[in-house]
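Data block below; observations after.
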Amino acid sequence: MGTKVQFRTNNFDSMELAHKSKILREILKVTKTEIEGLLIIEPAVFPDDRGYFFESFSSKRYFDAGINYQFVQDNISKSSKNTLRGLHYQVGEFAQGKLCQVISGKVLDIAVDLRFGSPTFGKYFALELSGENKKQFFIPCGFAHGFSVLSEEAIFSYKCSAYYNKESERCIIYNDEDLKIDWKIINPIVSQKDLLGKKFEEIGKDFFYEK
């Protein structure tokens, strides 16, 4: 049986919400995308003559911003130019929400809506993440995820709301004819494992959209 994915805003009274929103705007800029659930996050960055500082995660602040996930695992990958990783997701009790960012370099980050019944089912959203723009991309459960490396090298970091589980992992082929994703690279470097990914039309009904 598939997982029902429902999105709710946190409940605050109007005065509390206004106060929280003011504080959040000073530290986080959160932008909704055309695909419900996907969020672009821009932390406030404080540069000086030594370099810069920014708060890359705070459980309370991100919860107040609408990210109702408890992250349990952090992953980091280093990849060379034209590397393509994806499209990955996990199902069942190990379905993962992800908070993605790039430490150095530049990637094109992709999320594909897998929620049956969603008005954007089968659509994808692309966002450039880099060590320069310091943007973060929040991807809830119900999406496949992947990225391509646009710079000579990239260090990619992401938080997960569930542990890795081999039996629960799934993969969709990166060049699926129905998805038609433009990865912005030529001659991608793809692992043998990812080359065995399924077609989008073959995916199971693992996630269902609920308003």
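The values are calculated or read from the model by the stated rules, or taken from the named source; none is laboratory data. Keep in mind that what you see is a predicted model, and the values were worked out from it rather than measured. Counting neighbours? That spans all protein chains shown, and the Cβs are built from the backbone with ideal geometry, glycine included.
Listed here are the residues, each with its yes/no results for (1) modelled with pLDDT of 95 or more; (2) within 26 Å of E201 (Cβ to Cβ); (3) over 13 Å from the mean Cα position of the chain (by Cα); (4) not β-branched (V, I, T).
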residue: Q73; (1), (2), (3), (4): yes, no, yes, yes
residue: L87; (1), (2), (3), (4): yes, yes, no, yes
residue: G92; (1), (2), (3), (4): yes, yes, yes, yes
residue: C100; (1), (2), (3), (4): yes, no, no, yes
residue: S104; (1), (2), (3), (4): yes, no, yes, yes
residue: T120; (1), (2), (3), (4): yes, yes, yes, no
residue: A126; (1), (2), (3), (4): yes, yes, no, yes
residue: K134; (1), (2), (3), (4): yes, no, yes, yes
Subject >> Long-range neighbours under 9 Å by Cβ, at least six apart or interchain, first residue more than 12 Å from K135 (Cβ to Cβ) within region 29-44, second surrounded by 14 or more Cβ atoms within 10 Å (Cβ to Cβ) and among the acidic types (D, E) >> reply: I35/D113; E36/D113; G37/D113; L38/D113
**OP:** Out of the residues in region 153-178 that are in a loop (DSSP other than H, G, I, E, B) and touching a Gly at 6+ places or on another chain (Cβ under 7 Å), state the one that is farthest from E93 (Cα to Cα).
**Re:** D178
Original post:
With respect to the numbered conditions (1) in a loop (DSSP other than H, G, I, E, B); (2) out of contact with any helix residue (DSSP H, G or I) (no Cβ under 7 Å at 6 or more places or on another chain), which one is the sole condition not fulfilled by G122?
Top reply: (2)
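Does K32 count as modelled with pLDDT of 95 or more, closer than 21 Å to F121 by Cα and among the basic types (K, R)? It would help to see each step written out before you state the result.
Numbers: modelled with pLDDT of 95 or more: yes; closer than 21 Å to F121 by Cα: yes; among the basic types (K, R): yes.
So K32 passes the test.
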Original post:
If you check every pair at least six apart or on different chains, which have Cβ atoms under 8 Å apart with a residue in region 189-210 that is modelled with pLDDT under 95 first and a residue that is buried (at least 18 other Cβ atoms within 10 Å of the Cβ) and not hydroxyl-bearing (S, T, Y) second?
Top reply: E210/V5
